[in-house]
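Scroll down for the structure; my scribbles are underneath it.
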Amino acid sequence: MSRVALPDFPWDSLAEAKAKAQAHPGGIVDLSIGTPVDPVPESVRTALASVSDIPGYPTTHGIPELRAAAVAALSRRHGVEGVPEAAVLPTIGSKELVASLPRQLGFGPGDLVVIPEVAYPTYEVGVLLAGASLLRADSTIALGPQRPSMLWLNSPSNPTGRVLGVDHLRKVVDWARERGVVVVSDECYLALGWESEPVSILHPSVHGGSLDGLLAVHSLSKSANLASYRAGFVTGDPKLVAGLLEIRKHSGLIVPRPVQEAMVAALKDDEALAGQRERYARRRLVLRKALLDSGFEISHSEAGLYLWSTRGESALDTVDWLAERGILAAPGTFYGPTGGQHVRIALTATDERIDAAAERLAS
């Protein structure tokens with residue numbers, strides 16, 4: 001049996017820089033991975049515990065209350081209308097779905113999958129695991145006469161924080177429908193717009209009244225601090241979701257019942273979301289000013305949890321420069337060949353650690 005050749009896990013290569021940052025007298029400020037550090041909302045913890053004594057198997061499709069809460073949250077928070085509750089499918093976080101989606105959709109050798117030029121590394125892994133061909137492109141013009149089977153969008157982007165406007169999204173959707181291409185939009189940071197208001201691919205202004213050929217991937221890891229719960233969902237075209245449901249039933253890819261209950265609470269708790277946004281907004285202002293004042297340029301970064309930053313030099317040199325000051329960042333090379341002069345700096349650290357990073361940058 002042949003094995004799929006996967007790239008090395010990127011963060012393993014940061015061991016040396018991490019050790020250097022840890023040696024700083026004030027300790028490390030780890031801004032390399034977007035791991036939530038703030039408390040899980042009380043409403044969510046209460047909901048999780050409330051069903052901890054249920055012994056039976058949970059359903060792959062999720063409880064009806066979860067599907068209804070997801071549809072209501074998409075409408076209330078993002079103006080998404082017309083999504084049937086049956087077209088919501090909970091996932092074990094978003095990463096496992098991203099890594100397996102091309103294959104779950106039936107794509108493999110002979111199929112072409114398009115991902116952004118600078119992208120979350122797991123998009124590439126998913127294509128490789130499916131045995132499909134990969135192309136990095138940020139516009140349909142760059143594809144020329146090629147007809148892909150699947151195309152990934154990511155707005156707001158990880159790592160760049162770039163937001164794709166309604167016109168851009170609509171053009172991609174129209175182009176894809178003319179060619180029978182499935183469009184999947186990673187919207188895990190949709191609730192975290194700062195300088196631009198992100199729009200879902202499932203918004204009526206984008207899809208024109210039809211969900212055909214469209215999927216949106218959502219996560220509660222960042223907006224509700226549920227990374228440890230592994231809580232996400234995919235929704236969109238009812239036929240595509242139904243196909244995924246059948247595959248996931250057979251595969252045992254089921255979100256635990258207590259986590260489903262927790263997701264219901266998180267999707268209903270707009271107050272907790274607003275509070276978390278305020279925390280990230282404050283950290284962003286502090287860190288952004290410190291980076292600019294110390295000579296960095298910040299590209300895009302109008303939404304999401306990262307500042308896509310450059311000193312006009314090799315990303316690895318910048319990682320080393322920051323590590324000498326006790327700050328750990330992720331080099332742009334993790335995200336694609338064109339990220340070679342940028343680093344991704346996360347906002348996911350406590351206020352005290354963000355302030356410490358700002359002070360070190362200023363000195």
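The values are calculated or read from the model by the stated rules, or taken from the named source; none is laboratory data. Every value quoted in this text rests on a predicted model; they were computed, and no experiment measured them. Note that we place each Cβ from the backbone using ideal geometry, even for glycine, and neighbour counts take in every protein chain shown. Heads up: the accessible areas ignore ligands, DNA and RNA and are worked out on the full protein's heavy atoms, side chains in. Shrake-Rupley method; radii C 1.70, N 1.55, O 1.52, S 1.80 Å.
When a 1.4 Å probe is rolled over the protein heavy atoms, the share of accessible surface on region 1-121 that falls to carbon and sulfur comes to 58 percent.
For region 331-336, 3J(HN,Hα) computed residue by residue from phi via the Karplus equation (6.51, -1.76, 1.60; θ = phi - 60°) reads x, x, 5, 4, 10, x Hz, glycine and proline entered as x. Entry comment: accessible area of region 116-266 is 35 Å² per residue, from protein heavy atoms only and a probe of 1.4 Å. What net charge do the residues around residue 199 carry, taking every other residue with its C-beta under 11 Å from that of residue 199, with Lys and Arg at +1 and Asp and Glu at -1? After counting each charged neighbour, the total is -2.
Within the listed set 220, 66, 14, the Gaussian network model of the chain (springs between alpha-carbon atoms below 10 Å) gives the highest mean-square fluctuation for 14. Positive-end ranking of 350, 323, 214 along the dipole of the chain, with charges on Cβ about the Cα centre, is headed by 214. Paramagnetic label reach from residue 11 (point 7 Å along Cα→Cβ; backbone nitrogen cut-off under 18 Å): within region 160-185, residues 160. Looking at the chain alone, DSSP beta bridges between its own residues are antiparallel in about 55 percent of cases. Restricting the GluC sites (Glu not before Pro) of region 166-197 to loop positions (DSSP other than H, G, I, E, B) with no more than 16 neighbouring Cβ atoms within 10 Å leaves 195.
Per-peptide packing, taken as the mean over residues of other Cβ atoms within 10 Å, places 157-168, 15-26 in the sequence 157-168, 15-26 from highest down. On a per residue basis, region 269-363 carries 40 Å² of accessible surface, using protein heavy atoms and a 1.4 Å probe. Taking Cα centre as origin and charging only the Cβ of basic (Lys, Arg, +1) and acidic (Asp, Glu, -1) residues, the dipole magnitude of the chain rounds to 400 debye. One chain, two ends: residue 324 and residue 134. Fully extended at 0.36 nm per residue, the span grows by 64.7 nm beyond their Cα-Cα distance. Label positions at residue 282 and residue 212, each projected 7 Å from the Cα along the C-beta direction, are separated by 5.0 nm. When peptides 241-251, 46-56, 223-233 are sorted by average Cβ neighbour count within 10 Å, with the highest value leading, the order is 223-233, 241-251, 46-56. Using 1/(1 + (r/R0)^6) with R0 = 30 angstrom and r between the beta carbons of residue 289 and residue 68, what's the FRET efficiency to the nearest 0.05? The computed FRET efficiency comes out at 0.10. Using only side-chain charges placed at the Cβ, +1 for Lys and Arg and -1 for Asp and Glu, the dipole size of region 87-174 relative to its Cα centre rounds to 40 debye. Here the spin labels are modelled as points 7 Å beyond Cα on the Cα-Cβ line, and at residue 355 and residue 117 they lie 4.0 nm apart. Inter-part distance, region 118-184 to region 236-313, computed on C-alpha centroids, equals 19 Å. Quick one: grab the alpha carbon gyration tensor of region 25-113, order the square roots of its eigenvalues as a ≥ b ≥ c, and give me rounded if a/c is under 1.5, else prolate or oblate depending on whether a/b is larger than b/c. Oblate, because a/c is 1.5 or more while a/b does not exceed b/c. Mind giving me the FRET efficiency for residue 179 and residue 54? R0 is 35 Å, r the Cβ-Cβ distance, nearest 0.05 is fine. That gives a FRET efficiency of 0.15. With the simple model of a label 7 Å out from the Cα in the direction of the Cβ, residue 242 to residue 86 spans 0.6 nm. Charged side chains reduced to their Cβ positions (Lys and Arg at +1, Asp and Glu at -1) give region 134-246 a dipole of some 220 debye around its Cα centre. For residue 182, the amide hydrogen comes within under 5 Å of the amide hydrogens of 150, 151, counting only partners 5 or more places away or on other chains and with H modelled in the peptide plane.
Proximity of backbone amide H atoms, modeled 1.01 Å from N, is registered between residue 29 and 327, 328 at under 5 Å, excluding neighbours fewer than 5 places apart on the same chain. Highest average first, the peptides 135-141, 347-353 ordered by how many other beta carbon atoms sit within 10 Å of their residues are 347-353, 135-141. Ranking 166, 105, 190 by how far each Cα lies toward the positive end of the dipole of region 42-268 (charges on Cβ) leaves 105 at the top. Across the cross-link table entries 95/239; 268/289; 18/289; 20/289, which are compared at the Cα atoms, the separations over 28 Å belong to 268/289. In terms of accessible area, using a 1.4 Å probe and ignoring ligands and nucleic acids, 12, 237 rank largest first as 12, 237.
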